[in-house]
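Accompanying notes for the structure given below.
The values are calculated or read from the model by the stated rules, or taken from the named source; none is laboratory data. From a predicted model like this one, the values you see are computed outputs, not experimental measurements. Here the Cβ is made from the backbone with ideal geometry for all residues, glycine too, and neighbour counts use every protein chain on show.
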């Protein structure tokens, strides 16, 4: 081993560290150290000193510099300006895994001047010694592999290991709680809603009485058109709600007509009558529209016809049911 060190030292002393020049350019190869241990890292640099208006092309080095000397990192170019001259350097991080002395021979570097002349220059060779470790077999006997040391789990390690599971658990629980809260809220809203109680009197009895009262007041004859249609519209809406369970008291005319149409509550003739009564009432109440006397009389008459016609159908249905029950009893 001592002999190897002596040889390497001699080689290092003989190493050419000079630069190669041509015209206005100089190129150089260098190492940040000439001796290294196996597997250590050394910086190898190719550099060119050229005029500011010249261009340089370095060789492309990828995996190895020479046999058994590998490139492990390709560093970026570095440029240093000094007056009319610039120095461009291309460093590499290299390593070696076999002991011995190695000559890194010269590399070709092309320089193109402003006059369009091109020179190919050669760097100086450099030498690298790779040393191995001294192993004293008597002092270092073979021993068993040590078991891993058990250390307490740190907070950061805990987060890295279990945070995602705790996060998913919390998210699922939050979702379940949100659904439960929404369900309870909807239940409370439903329980708080007032239950609509139908009057004890039959729907047609109430409607006919109110129509009679409206007719007796003669509101439209006294130019109280808006008040007349307010009472007429309310009477028709109440009859639809009490008689057919149409949500008419708290909804618009458009909603009521669509509801009746979709559920086939009335026949075609009565649908038309309801539409005309409610639409004309909306015009009189909200659009300051003044219907003609014929319109006032006709819509009031339509209301009577609606109630009487649907009332008669209900009574007829009840009569038919009684007849059927009587026939079954007789049988």
Tally of residues being free of Cβ contacts under 8 Å to residues at least 40 places away in the same chain and touching a strand residue (DSSP E or B) at 6+ places or on another chain (Cβ under 6 Å) across the range 101-130:
4
Does the range 208-224 include one or more residues that are under 19 Å from residue 266 (Cα atoms) and part of a helix (DSSP H, G or I)?
yes
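Examine the range 21-30 for a residue that is assigned to a loop (DSSP other than H, G, I, E, B), modelled with pLDDT under 90 and closer than 18 Å to residue 121 by Cα, and state whether such a residue exists.
Checking the range 21-30: at least one residue is assigned to a loop (DSSP other than H, G, I, E, B), modelled with pLDDT under 90 and closer than 18 Å to residue 121 by Cα.
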By residue number, the members of the range 280-296 that are loosely packed, with under 14 Cβ neighbours inside 10 Å and assigned to a helix (DSSP H, G or I) are 286, 293, 294
Quick check on my filter: what residues within the range 100-131 are surrounded by 14 or more Cβ atoms within 10 Å (Cβ to Cβ), assigned to a loop (DSSP other than H, G, I, E, B) and at pLDDT below 90?
113
Looking at residue 4 and the list (1) under 14 Å from residue 103 (Cβ atoms); (2) at pLDDT below 90; (3) surrounded by 14 or more Cβ atoms within 10 Å (Cβ to Cβ), which single condition is not satisfied?
(1)
